[in-house]
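**Q** One structure coming up, written as structure tokens, with questions to follow.
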Amino acid sequence: MHTLQVTLRIIHIVGAVYWGGAIIFNAAFLFPAMREAGPDGAKVGAAIMRRHFTEITPVIALLTIVAGLWLFMRASAGAGAHYMSTGPAIAYSIGGFAGIVALIIGATVMRPSMNKAMALSQSAATSPPAERERWLAAAQALRARAGKAGNVVSVLLVIAAVAMAVARYA
């Protein structure tokens, strides 16, 4: 088997496992626990940010998609419309589209909301009590927005994973 193809397949699969697992864990467990913890949830968020989660995850997602696109082009091998009408090509296309939309939502809604919420929480820590409540409320609203986006991204990543898993048999 071609070394580049094996390498890109490993990048695609391992990247997808990390990306999907991290986002689903965040949406299903971490964000709800942070909301339940109230202002103390911001401490957990700050610790995650210090570990560069919001910088690392989009890079891994992008590498996953680029590797997947290359694998898709390789699988089609220039067959064009004939290949695109097959079950595997349709399933890979659905999965790839879901993954690309997930990345777009994650990068344009989820990540900025998390980063802004963290900045507001940090500002609240040094603000007078009257302003502190306003900053914390705004940060909480942004975390809720990130949580909703995380739910959508989670569903899209599950769709992508299922489509990729069954594509070979479609």
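No value in this document is a laboratory result; all are computed from the given coordinates. This structure is a prediction, so every number in the text was calculated from the model and none was measured. In this analysis, Cβ positions are derived from the backbone assuming ideal geometry, glycine residues included, and neighbour counts consider all displayed protein chains.
**Q** Need the C-alpha centroid separation for the stretch 93-170 versus the stretch 1-79, integer Å.
**A** Computed from Cα coordinates, the inter-centre distance equals 13 Å.
**Q** Sorted from largest to smallest, which semi-axis lengths in Å does the alpha carbon gyration tensor of the chain give for its equivalent ellipsoid, taking the root of 5 times each eigenvalue?
**A** Each semi-axis is the square root of five times an eigenvalue, giving 39, 14, 12 Å.
**Q** Per DSSP H run of at least 4 residues, take -39500 (n - 2.57); add these up for the chain, divide by its residues and hand me the 222 nm value, nearest 500 deg cm²/dmol.
**A** -28000 deg cm²/dmol
**Q** On alpha carbon coordinates alone, what is the Rg over Rh value for the stretch 1-85, Rh being the Kirkwood radius?
**A** 1.19
**Q** On to the next question. Under a GNM of the chain (C-alpha, springs under 10 Å), which listed residue has the highest mean-square fluctuation: Val109, Val14, Val153?
**A** Its mean-square fluctuation being the largest, the pick is Val14.
**Q** Here's a follow-up. Eigenvalues of the Cα gyration tensor times 5, then square-rooted: what semi-axes does that give for the stretch 76-170, in whole angstrom, largest first?
**A** 43, 11, 7
**Q** A further question on this structure: Counting trypsin sites (Lys or Arg not before Pro) as exposed when in a DSSP loop with at most 14 other beta carbons within 10 Å, what is the longest stretch of the chain free of them?
**A** So the longest stretch without any such site is 52-167.
**Q** Which angle between 0 and 90 degrees, to the nearest 10, do you get for helix 129-167 versus the longest principal axis of the chain when only C-alpha atoms count?
**A** Once rounded, the angle reads 10 degrees.
**Q** Could you work out how far helix 3-25 tilts from the main Cα principal axis of the chain, as a 0 to 90 degree angle to the nearest 10?
**A** 30 degrees
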